[in-house]
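S.K.: Can you keep this structure in mind? I'll have questions shortly.
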Amino acid sequence: ILYRQQISKVEDRFRVEIRTLMRKTKFIDDIRIDDDFNIFLYRNEVVQRSTLVDALQSNSEEQLASVIGEDAIAKLKQLSGVETMQGLLNYCDGLREDGVELPIRIDQASLSNGEKQIFIMALYHSLVQLGRHEIPFIIDTPFARIDTEHRHNISKYFFSKLKGQVFILSTNEEINSDHVQILRNHIAATYLLENTDNKKTVVVNDTYFEV
């Protein structure tokens with residue numbers, strides 16, 4: 001019971017975090033974490049009435065689940081107020097609208113590297129907000145997979161909001177002067193690492209590239 005209560009909090013916070021970090025609409029609409037901490041992501045999509053009718057006419061409930069997913073079936077049952085396949089068929093066949101918006105599971109392997117990183121950041125921030133202890137966060141080349149559109153959001157709503165020490169190992173093409181200004185009040189120290197003739201690294205205190 002305690003685990004489920006905490007996981008529900010993580011799910012609620014994730015829904016807020018992902019919308020804050022990701023500017024793309026129709027990216028991730030919902031999340032479900034099961035008792036084994038398996039994570040399922042969903043996007044609300046309109047499924048055409050004809051598609052639902054054809055699927056219901058020619059499939060068992062198990063086969064239908066492989067087409068639209070178990071969560072979509074549960075949503076369809078909730079909307080229709082019926083449990084049987086015939087009842088669902090009658091409901092869909094009598095729809096006035098062209099389709100029904102249902103939660104469709106996202107194949108996480110289909111996400112781009114940048115989308116995966118934003119998803120992990122949103123999940124991480126949702127998890128650590130439950131903790132009573134501050135945990136150091138270390139990230140190398142933070143924006144290597146992130147486009148320019150999302151770098152501002154991550155600087156303002158992720159790095160600036162994390163509790164505890166945050167170590168960012170960045171190139172000058174990632175955390176630029178604009179991002180440094182966003183983080184200015186949170187920066188305790190900066191170090192510039194210079195590789196000289198490929199033999200040793202010189203550490204320059206209180207320096208960050210051109211800033």
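Quick note: the coordinates plus some simple rules give every number you see, no bench work behind them. Bear in mind that the values here come from a model prediction, so they are computed numbers and not experimental data. So basically every Cβ, Gly included, is an ideal-geometry build from the backbone, and we count neighbours across all protein chains shown.
S.K.: Roughly speaking, what % of Cα-Cα pairs in the stretch 48-109 are separated by over 16 Å, rounded to a whole number?
M.R.: 38 percent
S.K.: While we're on this one: Express the Stokes-Einstein translational diffusion coefficient of the stretch 1-50 in µm² s⁻¹, to the nearest whole number, given a Kirkwood radius over alpha-carbon pairs, 37 °C and a viscosity of 0.692 mPa s.
M.R.: Calculated translational D: 267 µm²/s.
S.K.: Below 13 angstrom from the Cβ of ALA109, what's the summed charge of the other residues (Lys, Arg +1; Asp, Glu -1)?
M.R.: Taking every Cβ under 13 Å from that of ALA109, the sum is 0.
S.K.: Next question, about the same structure. Quick one: which of LYS116/LYS199; LYS163/LYS200; LYS26/LYS75; LYS9/LYS161; LYS116/LYS163 span more than 26 angstrom between C-alpha atoms?
M.R.: Correct reply: LYS116/LYS199; LYS163/LYS200.
S.K.: Hey, another quick one. Over the alpha-carbon set of the chain, work out the extent along each principal axis and list the three values in angstrom, largest first.
M.R.: 73, 36, 30 Å, listed from the longest principal axis down.
S.K.: So what is the relative contact order of the chain, in percent, for Cα pairs below 8 Å that sit 6 or more residues apart?
M.R.: After rounding, I find 19 percent.
S.K.: Dipole magnitude of the chain about its Cα centre, charges +1 at Lys/Arg Cβ and -1 at Asp/Glu Cβ only, in debye to the nearest 20?
M.R.: Using Cβ point charges on Lys, Arg, Asp and Glu, the chain gives about 700 debye.
S.K.: Still on this structure, please answer the following. What's log10 of I(q)/I(0) for the stretch 1-110 at q = 0.11, 0.12, 0.14, 0.18 Å⁻¹, Debye sum over Cα points only, no solvent?
M.R.: -0.42, -0.50, -0.66, -0.96
S.K.: From the C-alpha coordinates alone, can you work out the Kirkwood hydrodynamic radius of the stretch 111-174, in Å?
M.R.: 12.4 Å
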